[in-house]
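The block underneath contains the structure these notes are about, expressed in structure tokens.
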Amino acid sequence: MSDPSEHGGASERGGLPGAGLVKGLAVTLKTMTSRSTTQQYPDVAPDLPPRSRGVIALSEENCTVCMLCARECPDWCIYIDSHKEEVAVPGAARPRQRNVLDKFDIDFSLCMYCGICIEVCPFDALYWSPEFEYAEYDIKDLLHDKDHLGQWMATVPPPPAHDPNGEPAKEETAAARKAAAARPASPSVRPEADQDPAS
């Protein structure tokens, strides 16, 4: 027969038998007596964190149909179609071609809201909107086309202010470099020690 002290009995731990049960019941009693707060949703809109992930919005004029978002999507829930148009450029030897977006659909019944499409977009065509109230009675209605995705752009919050202690933005650095290059160089003055005493 094994000794109860080998298994860390109540006498070895220095506590009374049932002390853990009493401690657990104390937590339950404290929770029962504290005032509960109920959010009155949908009458009162909830205060969402600043970087909430609600629905994905599309800025159609920024999209160049590079297909990065569709290729990187792990759920393959982004469907894009486009065609090429020729654009006549004055002074150019031949017209240029540009992609024109025909279809941009996101199936939110498949989307897992990972945000990879927004991160990989090099032209800032996709944004997070904090709107989350777009439930549907039919799952087919969760397929949002480019017009529907464009309507969410009105709800996209402005970007947060730049951290003054952080690294300056690339645009600011480039503008400062360009301004420094455009400044005329000041004429150099020879010091008096270098001047010829005979002059």
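The values are calculated or read from the model by the stated rules, or taken from the named source; none is laboratory data. Everything quoted here is computed from the prediction, not taken from an experiment. All Cβ positions, glycine included, derive from the backbone under ideal geometry; neighbour counts span all protein chains shown. For the accessible areas, the whole protein counts, side chains as well, though only heavy atoms, and no ligand, DNA or RNA atoms are used. Shrake-Rupley method; radii C 1.70, N 1.55, O 1.52, S 1.80 Å.
Looking across the stretch 67-122 at every residue that is in contact with a strand residue (DSSP E or B) (Cβ under 7 Å, 6 or more places away or on another chain) and basic (Lys, Arg), the one that is least open to solvent (accessible area, probe 1.4 Å) is identified as Lys103. Scanning the stretch 110-147 for residues that are under 11 Å from Ser59 (Cα atoms) and of a type outside the set (A, V, I, L, M, F, W, C) gives Asp124, Tyr127, Lys146, Asp147. Where strands (runs of 3 or more DSSP E) sit wholly within the stretch 41-151, those with at least 3 residues that are touching a residue at least 60 places away in the same chain (Cβ under 8 Å) occupy 55-58, 126-129. Restricting the stretch 45-67 to residues that are of a type in the set (A, V, I, L, M) and at pLDDT below 90 leaves a set whose member that is nearest to Ile78 (Cα to Cα) is Leu48. Selection of the stretch 19-50 for residues being exposed (fewer than 10 other Cβ atoms within 10 Å of the Cβ) and among the charged types (D, E, K, R) yields Lys30, Arg35, Asp43, Asp47.
Summed over the stretch 128-145, residues that are in contact with a strand residue (DSSP E or B) (Cβ under 8 Å, 6 or more places away or on another chain) and of a type outside the set (A, V, I, L, M) total 7.
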